[in-house]
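One structure below.
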Amino acid sequence: MEFNQRIAQLNWDEITENLNEHGYAGASNVLTDEECSSLISQYNNDALYRKRIIMEHHQYGLGEYKYYQYPLPPIVQSLRENLYPKLAPIGNNWMRVLGIDKHFPESFGELQELCHAGGQLRPTPLILKYKQGGYNALHQDLYGDIYFPMQAVLFLNEPGLDYEGGEFVLIEQRPRAQSKAIVLKPRKGDLLVFTTNFRPVKGTKGYYRVNMKHGVSEITAGERHTLGIIFHDAT
């Protein structure tokens, strides 16, 4: 099956409902074992990347990641191009119910044109690598004034087999309330879409904004790789 067909055949009604209700949504077996292994095997091919970040040097956590450079590997480009049109209507509805004067274009190419016109020229898709003891502190991936309110992560290793620990953590910060932790452990090849910085929640007086951050809990054994798909480019 062609990769664009694989994305199109995901249960987008369920994904939309979960994003609206929870701020995140998952789908199983989006990448094959071969695709996961290929992405991991390319980690040391420096020609593919524009920058390497050692997380502890910046107090981001413990581990490292590399930003891809243009042109992106075909599978990374395809994920951006095929996921974005499914998510843009959800993002536009979020802006509408929150009364935010912002509209996202229908195609990924149009979003990229907006980013580049605004001086955001650097690609943001990245691959992350953690060893035993590694973790990622809670954060948001904005990169500039132009940003899309959702992003995706694909899991390239099998929990319980390749690594232990390393849960994906979301923190939901509701106004005037204690924060809520959401802990997820997707399997190899799975996709997780989640809010980049906030989502709407319906209250008694209409919709209000709930901020969210994400991170990774400590890896207690083994090695964990993930592919991050961010749709907006960076300044």
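The values are calculated or read from the model by the stated rules, or taken from the named source; none is laboratory data. None of these values were measured; they are calculated from a predicted model. Note that each Cβ is placed from the backbone with ideal geometry, even for glycine, and that neighbours are counted across all protein chains shown. The area values use the complete protein model at the heavy-atom level, side chains included, leaving out ligands, DNA and RNA. Shrake-Rupley method; radii C 1.70, N 1.55, O 1.52, S 1.80 Å.
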Go through the range 11-29 and report how many residues are in contact (Cβ under 8 Å) with a residue 24 or more places away in the chain and either open to solvent by less than 60 Å² (accessible area, probe 1.4 Å) or not in a helix (DSSP H, G or I) (or both).
12
Those residues of the range 128-182 which are touching a Cys at 6+ places or on another chain (Cβ under 6 Å) and either of a type in the set (S, T, N, Q) or farther than 25 Å from Glu56 by Cα (or both) amount to Ile146
Against the definition (on the phi > 0 side of the Ramachandran plot and either open to solvent by less than 20 Å² (accessible area, probe 1.4 Å) or assigned to a strand (DSSP E or B) (or both)), how does Gly228 come out, yes or no?
no
Starting from the range 181-195, take each residue that is over 18 Å from Leu138 (Cβ atoms) and open to solvent by less than 10 Å² (accessible area, probe 1.4 Å) and list its partners that are among the acidic types (Asp, Glu) and modelled with pLDDT of 95 or more, counting only C-beta distances under 9 angstrom and pairs at least six apart or across chains.
Gly189/Asp33; Gly189/Glu35; Gly189/Glu158
Looking at the range 29-42, can you tell me whether even one residue there is of a type outside the set (Asp, Glu), at pLDDT 95 or above and closer than 30 Å to Val201 by Cα?
yes
In the range 36-56, the residues that are closer than 23 Å to Leu191 by Cα and among the hydrophobic types (A, V, I, L, M, F, W, C):
Cys36, Leu39, Ile40, Leu48
Taking the range 139-173 and the residues there that are of a type in the set (Phe, Trp, Tyr) and at pLDDT below 95, the one that is surrounded by the most Cβ atoms within 10 Å (Cβ to Cβ) would be Tyr147
If you check Thr235 against the conditions, is it touching a residue at least 40 places away in the same chain (Cβ under 8 Å) and either open to solvent by 10 Å² or more (accessible area, probe 1.4 Å) or at positive phi (or both)?
yes
For the range 19-60, give me each residue that is farther than 26 Å from Tyr135 by Cα and of a type in the set (S, T, N, Q).
Asn20
Need the failing condition index for Ala137 against (1) in a strand (DSSP E or B); (2) under 23 Å from Leu39 (Cβ atoms), just the number.
(2)
Show me the helices (runs of 4 or more DSSP H) found entirely inside the range 30-120 where at least 2 residues are open to solvent by less than 50 Å² (accessible area, probe 1.4 Å) and polar (S, T, N, Q).
74-97
Val216, sole failed condition from (1) modelled with pLDDT of 95 or more; (2) of a type in the set (A, V, I, L, M); (3) surrounded by fewer than 18 Cβ atoms within 10 Å (Cβ to Cβ)
(3)
